Amino acid sequence: MIEEQALDYRSDTFTKPTPAMRAAMAAAEVGDDVFDEDPSIHRLQQYVARLLGKEAALFFPSGSMSNQVAVRVHCSPGDEFLCEAGCHIFNYEQGAFAQLSGVVAHTIEGNYGVLEPEQLHGKIRGGNDHLVNTRLVTLENTHNRGAGRIQPYETVEAICSWAHQHGLATHLDGARLFNAAVATGIDVGDWAAQFDTVSVCFSKGLGAPVGSALAGSRVAIAAARRHRKCFGGGMRQAGVLAAAAQYALENHVDRLAEDHRHAQALANQIAQVDGLSLQPAEIDTNMVIFAVDERLGTAAEFAESLAARGLKMLALGPTTIRAVTHLDLPNDGATRAGEILREVAEAKLGSAATS
Ligand SMILES: *Cc1c(COP(=O)(O)O)cnc(C)c1O
């Protein structure tokens, strides 16, 4: 019996390397990268620096590490950075900026992760022995908790130029920057141009098994290289991993448009199911977040019932579920997911009405 391909929408991190990507990994030339002698890593770093319009780039084992090293590059113990309240750096990296760097976060709540420039005004502290010194502003684009929202380009420009005028550094968590670029037609280099440092992930929608890069000036990346070693991120023959990332950049960027169409198709299905509501209603890229009406139980219970029918989605909060599209999902995924969502919701509404 041929099993139907599973529908795993929990995250775009569940993708597995394709046969062609594995072949590229197997063929990679390698060396000891702590000695800076891995040719595949050199090639990737130069490629990423050029794509993002920066002087240099550095390969990292994870996006969390590249973000946290960026915070360390820009801040010293007792410093503070400004960030959006739902961002990954603040919520999903164990407060590593505090644990590893002695740095404080000052959070500001955006609209589905999107900050307006005026929200930052007046937030800079320092110049007085009582206060922390604000040194850095971070943005996230696209925004994960914000359902893949794109921070609009004009606001990126306004926020970064305000930050630089006030002597603050800027870092972009661009784990899904390629999604923003494909969705808007604005080149990744233009999205990156305003920032001092930019991190990108290869292990999300791009489909590589591991890896991230941080790009910036030669000076910033030299400092990052030193901190990376301190954080345990010095790798040896990691060219096999860099080759996967290289393959992903060369072959899996343009196809992100398919993921965006898939997410829109899935959202259209969800919008028709009684008891489910999109949050937000507009789909920018490859994520869909929706709320589950209390008649259908908690988000965790609803997700469990979906999983029992072969549809995996992630319960984010007590009432919200996230679905992320990616290259390992089948073409008819949205239609099949829609059927399962409808059946499960109807079954729960039916039993709620008769109990
Ligand atoms: C996934 C992700 C990261 C990095 O996560 P790792 O699992 O450490 O690679 C950083 N920022 C955002 C917005 C992410 O979604």
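A few points about this structure:
- Subset tally (residues that are in contact with a His (Cβ under 8 Å, 6 or more places away or on another chain) and open to solvent by less than 10 Å² (accessible area, probe 1.4 Å)) for the stretch 64-83: 8
- Inclusion of Leu51 among residues that are within 15 Å of the ligand (Cβ to nearest atom), over 15 Å from the mean Cα position of the chain (by Cα) and open to solvent by 40 Å² or more (accessible area, probe 1.4 Å) is not warranted.
- Any hit, the stretch 264-275, residues being β-branched (Val, Ile, Thr) and buried (at least 16 other Cβ atoms within 10 Å of the Cβ): yes
- Exactly one residue among Ser212, Ser217 is at pLDDT 95 or above and within 16 Å of the ligand (Cβ to nearest atom), and that residue is Ser212.
- Pair list, Cβ < 7 Å and 6+ apart or interchain, from the stretch 199-212 residues that are assigned to a strand (DSSP E or B) to residues that are surrounded by fewer than 24 Cβ atoms within 10 Å (Cβ to Cβ) and of a type in the set (S, T, N, Q): Ser212/Ser62
- If you go through the stretch 162-189 and keep only what is more than 11 Å from the ligand (Cβ to nearest atom), among the aliphatic types (A, V, I, L, M) and assigned to a loop (DSSP other than H, G, I, E, B), you end up with Leu168, Ile186.
- Filtered by the rule that a residue be open to solvent by 40 Å² or more (accessible area, probe 1.4 Å) and either at positive phi or in contact with a helix residue (DSSP H, G or I) (Cβ under 8 Å, 6 or more places away or on another chain) (or both), the stretch 91-108 gives Tyr92, Gln94, Leu100, Val104, Thr107.
- Any hit, the stretch 18-25, residues being in a loop (DSSP other than H, G, I, E, B) and open to solvent by 70 Å² or more (accessible area, probe 1.4 Å): no
- On inspection, Asp173 passes the criterion of being assigned by TED's automatic domain parsing to the domain that holds Gly207 and open to solvent by less than 50 Å² (accessible area, probe 1.4 Å).
- Residue check for Ala192: open to solvent by less than 10 Å² (accessible area, probe 1.4 Å) and more than 13 Å from the ligand (Cβ to nearest atom): yes
The values are calculated or read from the model by the stated rules, or taken from the named source; none is laboratory data. Predicted, not measured: the structure shown is a model, and the values here were computed from it. We place every Cβ from the backbone using ideal geometry, glycine too, and count neighbours over all the protein chains shown. Remember, those area values only see protein heavy atoms, side chains included, never the ligands or the DNA or RNA. Shrake-Rupley method; radii C 1.70, N 1.55, O 1.52, S 1.80 Å.
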